[in-house]
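Report on the structure given below.
Here, each number is a calculation from the coordinates, and none is a lab measurement. Predicted, not measured: the structure shown is a model, and the values here were computed from it. A quick note on method: Cβ atoms are made from the backbone with ideal geometry, for glycine too, and the neighbour counts reach across all protein chains shown.
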Amino acid sequence: MLHNAEAEFARYLFAVYPPPMPGMPWLSVCIAPNGHVLDSEAFATVEEANLVTCRAQAVLFDSLSQRVEIAHVPVADGALH
């Protein structure tokens, strides 16, 4: 269960890898806590890769924050009919 969005977010890895050889793209990768690659995308420049990676981090953090908020909403005592 999620208790803290920051702690949950810290379990994900975001990385931008340089091209392994000239002419190859930069690679942006997001890896989940279980080791699965959630997303990867190739970019022509490091600036593009970093920009998209930062945006992906913001989207993930927002999603985790919303899940934490929903998890902490008290359940009504059957008052809603």
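Results, tabulated for the structure shown:
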{"item": "Taking the C-alpha atoms of segment 1-70, convex hull volume expressed per residue in Å³", "result": "76"}
{"item": "For residue 39, residues with placed amide H under 5 Å, excluding near neighbours", "result": "30"}
{"item": "Net charge of neighbours whose Cβ lies under 11 Å from the Cβ of residue 64, counting Lys and Arg as +1 and Asp and Glu as -1", "result": "-2"}
{"item": "Computed over segment 1-70: relative contact order in percent, which uses C-alpha pairs under 8 Å that are six or more apart", "result": "32"}
